[in-house]
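In what follows, a single structure is set out as structure tokens and then discussed.
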Amino acid sequence: MLLDELKDTQVQVLSEIAAAATNKDINDIRVKVFGKSGVLTTLSRGMRDVAPEERPKVGAIINEVKVAIEEALSAKQAEVENAELLSKLESEKVDITEPAQGVEKGALHPIPRVIDKLCDICVGLGFSVVEGPEVESDYYNFEAMNTPKNHPSRDMQDSFFVNEEIVLRTQTSAVQGREMEVRKPPFKIVCPGKTYRNDSDATHSPVFHQLEGLVIEEGDKVSLADLKSMLTILMKRLYGEDTEIRFRPSFFPFTEPSIEVDVSCPTCHGKGCSLCKGTGMLELLGAGIVNPKVLELSGIDSKKYRGFAFGFGLDRTAMILNSIGNIKYFYKNDKRFLEQMK
Ligand code: DAH
């Protein structure tokens, strides 16, 4: 009796295993057969009623059935897992021949790019980079730069005043006084940053950028020749080794003597084009030997120390380097323009 039941159970369970399709089916069968009240567990309890001499034989058969079912379950489980893996591999397949989507890359705006480039060059020449406030006192913007109230040269810079004493800085030269008050000479600094003037046309914007340079050394170590050679190096590193540089006498209240610096147009190499308005040269910057009055105003002994300074427009530099005809493009935030600048 028990033997028949065992055989029937084996046939029945093996056919259920053959029909199983998922891991859950397999687990359900396992519980149904080997669980506490599973078929085989219950049948095994029937051993109690088997005559002692029959027991080894029946025990061996129970074992055979158990092994057969376990083997079938393991084989089925491997089969199901293999099928699952195959279908996962199939659905997650990556087609490496598909065209890439492309990554949108951002880029720096041309003005900060010029600032970075110039600061790199200047740091290489031994300068430290400093910053100063854009909302500045009349004192540092003008008075400390030897430009007292009612001085005619204030007309050179049409200024935005916040009140009598506060102005949006018209020039990065305003950092000169601040730095001279706190630094002990000798020192070399450059200050890039935003500047403001009431001016607006194709080459002027009410907000624009300048870079100021200031070198203070013991008297006999600084001359106009040093300034000229420093600016020559700077311009050649910025615009290329074949750039020609021209120095012209000029006037600024904070330098004496004062010069202006022109470079050969990098677009036409001096032949004349629309960028240089046919002249072959571009006006670039103002510079000079620091007026002793400026040193004294900031507490530096003008008998012991001398300095040179230079200041130039960065928007103009960026326009020249990128052949841009109108300064307004820098401030319009037009994505099409900015993308071209990548
Ligand atoms: N601050 C002047 C301007 O904005 C430029 C300048 C000229 C700066 C001569 C200097 C300098 O340091 O020495 O027009």
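Laid out as a table, the results:
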| quantity | calculated |
| --- | --- |
| Answer from Thr243, Thr232 - the residue that is part of a helix (DSSP H, G or I), without any contact (Cβ under 8 Å) to a residue 60 or more places away in the chain, more than 15 Å from the ligand (Cβ to nearest atom) and closer than 20 Å to Lys117 by Cα | Thr232 |
| Residue match in the range 274-281 (condition: assigned to a strand (DSSP E or B), on the phi < 0 side of the Ramachandran plot and over 37 Å from the mean Cα position of the chain (by Cα)) | no |
| Identity of the residue in the range 278-292, crowded, with 19+ Cβ neighbours inside 10 Å and of a type outside the set (A, V, I, L, M), that ends up nearest to Thr172 (Cα to Cα) | Gly286 |
| All positions within the range 13-24 that are free of Cβ contacts under 8 Å to residues at least 40 places away in the same chain and under 14 Å from Glu70 (Cα atoms) | Ser15, Glu16 |
| Whichever residue in the range 282-292 is closer than 30 Å to Gly270 by Cβ and within 15 Å of the ligand (Cβ to nearest atom) and, among such residues, is farthest from the chain's Cα centre (by Cα) | Ile289 |
| Answer residue from the range 311-321, given it is open to solvent by less than 70 Å² (accessible area, probe 1.4 Å) and within 14 Å of the ligand (Cβ to nearest atom) and is nearest to Met180 (Cα to Cα) among those | Gly311 |
| The range 293-310 - residue that is open to solvent by 20 Å² or more (accessible area, probe 1.4 Å) and part of a strand (DSSP E or B) and, of those, nearest to the ligand (Cβ to nearest atom) | Arg306 |
| Test result for Gly126, modelled with pLDDT of 95 or more, exposed (fewer than 11 other Cβ atoms within 10 Å of the Cβ), over 17 Å from Thr195 (Cα atoms) and away from the ligand (no atom under 16 Å from the Cβ) | yes |
| Out of Glu104, Glu54, Glu70, sole residue that is within 17 Å of Val11 (Cα to Cα) and out of contact with any strand residue (DSSP E or B) (no Cβ under 8 Å at 6 or more places or on another chain) | Glu70 |
| Among residues of the range 149-190, those that are open to solvent by 60 Å² or more (accessible area, probe 1.4 Å), of a type outside the set (Lys, Arg) and within 23 Å of Ile300 (Cα to Cα), counted | 3 |
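Residues checked against (1) farther than 27 Å from Ala19 by Cα; (2) loosely packed, with under 12 Cβ neighbours inside 10 Å; (3) among the hydroxyl-bearing types (Ser, Thr, Tyr); (4) not assigned by TED's automatic domain parsing to the domain that holds Ala21:
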{"position": "Gly46", "(1), (2), (3), (4)": "yes, no, no, no"}
{"position": "Asn63", "(1), (2), (3), (4)": "no, yes, no, no"}
{"position": "Val67", "(1), (2), (3), (4)": "no, yes, no, no"}
{"position": "Glu70", "(1), (2), (3), (4)": "no, no, no, no"}
{"position": "Ala78", "(1), (2), (3), (4)": "no, yes, no, no"}
{"position": "Leu85", "(1), (2), (3), (4)": "no, yes, no, no"}
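The values are calculated or read from the model by the stated rules, or taken from the named source; none is laboratory data. Model, not experiment: these values are computed from the prediction. Positions of Cβ are generated from backbone atoms using ideal geometry, with glycine treated the same way; all protein chains shown enter the neighbour counts. Note: accessible area is taken over every heavy atom of the protein model, side chains too, but ligands, DNA and RNA are not part of it. Shrake-Rupley method; radii C 1.70, N 1.55, O 1.52, S 1.80 Å.
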